[in-house]
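Visitor: The structure's right below; bear with me while I get my questions together.
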Amino acid sequence: MKIIDLPKKILVFPLSNFIIFPKTTVPLNIFEPRYIDMVNDSMKSDKMIGMIQPKSSSNKDNIPNLHDVGCLGKITSFKETEDGRYLIELKGLVRFETIKEVKTDKKYRILEADFNKFSHDLNNEKERIKFSDLELIFKDLKSLFEKRGFIINWKALEKQSLDETINALAMASPFSLEEKQILLEAENLDIRKNKIAKILSTYTHDVYDNTTIQ
């Protein structure tokens, strides 16, 4: 897929406490009527939906403001339940920057988006970061996951490509949503790796050693 093939206007699901990264797949349980409508419209067209985090602030109409960067995903699996919900799987394709919100009569929100800054998300080429470069990060991250009660199949992760692994760990990590947004906006994999290391260093100091001032 190329940038030119991507929609200029995207249907968006502004879901709190949830971020999707490129090259990761996540399950979603859709039950709100407006988002049922959104999925219906998406399935009739390109099967694409943008995931973006709302901010805590709102505009004059009390509609939550959105972060500037989100991730476009494609519906790869669709199932309707007996009670009218949709169970879908969304695969992250490429991040986007919001240009502006499009006013429509739809109950869900639509954004005009620009993908150019993150066009490399669509590349199938693997970035040259060796697993040996990440051993310490993985060690600290594994320790953090275990301390927080998170269970990760690390052997399965090692079989994935490096970008899939880093993005999956960034998405599933017990970091704050603000920290995950920082990781989402990191321009490339190497920067994301370094930001994960920086965030982990604060957790190692604050959480493990309990050296923070209460």
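The values are calculated or read from the model by the stated rules, or taken from the named source; none is laboratory data. Note that the structure is predicted; figures quoted are calculated from it, not measured. So basically every Cβ, Gly included, is an ideal-geometry build from the backbone, and we count neighbours across all protein chains shown.
Visitor: Need pairs with beta-carbon distance below 9 Å; first residue under 24 Å from Asn153 (Cβ atoms) and within the range 173-192, second assigned to a helix (DSSP H, G or I) and of a type in the set (Phe, Trp, Tyr); sequence gap 6+ or separate chains.
Guide: As it stands, the answer is Ser173/Phe145; Pro174/Phe145; Pro174/Tyr203; Phe175/Tyr203, since those pairs meet every condition given.
Visitor: Could you grab me the full set of residues in the range 18-36 that are touching a residue at least 24 places away in the same chain (Cβ under 8 Å), surrounded by fewer than 15 Cβ atoms within 10 Å (Cβ to Cβ) and outside any strand (DSSP E or B)? If you could, list the steps in order and put the result at the bottom.
Guide: The first filter runs over the range 18-36 and keeps only residues touching a residue at least 24 places away in the same chain (Cβ under 8 Å), leaving 18-31, 33-36.
Now restrict to residues that are surrounded by fewer than 15 Cβ atoms within 10 Å (Cβ to Cβ): 27, 29, 31, 33-34.
Scanning the range 18-36 gives Phe31, Pro33, Arg34.
Visitor: In the range 50-86, what residues are under 23 Å from Ile182 (Cβ atoms) and of a type in the set (A, V, I, L, M)? First the steps, then the outcome.
Guide: Step one: filter the range 50-86 for residues under 23 Å from Ile182 (Cβ atoms), giving 50-58, 64-73.
The answer is Met51, Ile52, Leu66, Val69, Leu72.
Visitor: Quick check on Met43: is it at negative phi and free of Cβ contacts under 8 Å to residues at least 40 places away in the same chain?
Guide: Values: at negative phi: yes; free of Cβ contacts under 8 Å to residues at least 40 places away in the same chain: yes.
For Met43, the condition - at negative phi and free of Cβ contacts under 8 Å to residues at least 40 places away in the same chain - is met.
Visitor: Still on this structure: Farther than 24 Å from Val26 by Cβ, at pLDDT 80 or above and touching a helix residue (DSSP H, G or I) at 6+ places or on another chain (Cβ under 7 Å): is that true of Asn194 in this structure?
Guide: Values: farther than 24 Å from Val26 by Cβ: yes; at pLDDT 80 or above: yes; touching a helix residue (DSSP H, G or I) at 6+ places or on another chain (Cβ under 7 Å): no.
Here the answer is no, as Asn194 does not meet what is asked.
Visitor: Output the residues belonging to the range 182-195 that are closer than 19 Å to Phe115 by Cα and part of a helix (DSSP H, G or I). Spell out how you get there, then give the answer.
Guide: Residues of the range 182-195 closer than 19 Å to Phe115 by Cα: 182-189, 191-192.
Residues satisfying the conditions are Ile182, Leu183, Leu184, Glu185, Leu189, Ile191, Arg192.
Visitor: Here's something else I'd like to know. Identify, by number, the condition in (1) of a type in the set (Asp, Glu); (2) modelled with pLDDT of 80 or more; (3) in a helix (DSSP H, G or I) that Glu135 doesn't meet.
Guide: Going through (1) of a type in the set (Asp, Glu); (2) modelled with pLDDT of 80 or more; (3) in a helix (DSSP H, G or I) one by one, Glu135 breaks only (2).
Visitor: Please go through the range 138-181 and pick out each residue that is part of a helix (DSSP H, G or I) and exposed (fewer than 12 other Cβ atoms within 10 Å of the Cβ). Quick ask: steps written out before the conclusion?
Guide: Filtering the range 138-181 for residues part of a helix (DSSP H, G or I) gives 138-147, 154-158, 162-172, 177-181.
Result: Lys139, Glu146, Lys155, Ala156, Glu158, Glu178.
Visitor: Within the range 72-119, track down each residue that is hydroxyl-bearing (Ser, Thr, Tyr), loosely packed, with under 15 Cβ neighbours inside 10 Å, at pLDDT 95 or above and farther than 28 Å from Asn188 by Cβ. Walk me through how you get there before you give the answer.
Guide: Of the residues in the range 72-119, the ones hydroxyl-bearing (Ser, Thr, Tyr) are 76-77, 81, 86, 98, 104, 108, 119.
From what's left, loosely packed, with under 15 Cβ neighbours inside 10 Å: 76-77, 81, 104, 119.
Pick out the ones that are also at pLDDT 95 or above and you get 76-77, 81.
Selection gives Ser77, Thr81.
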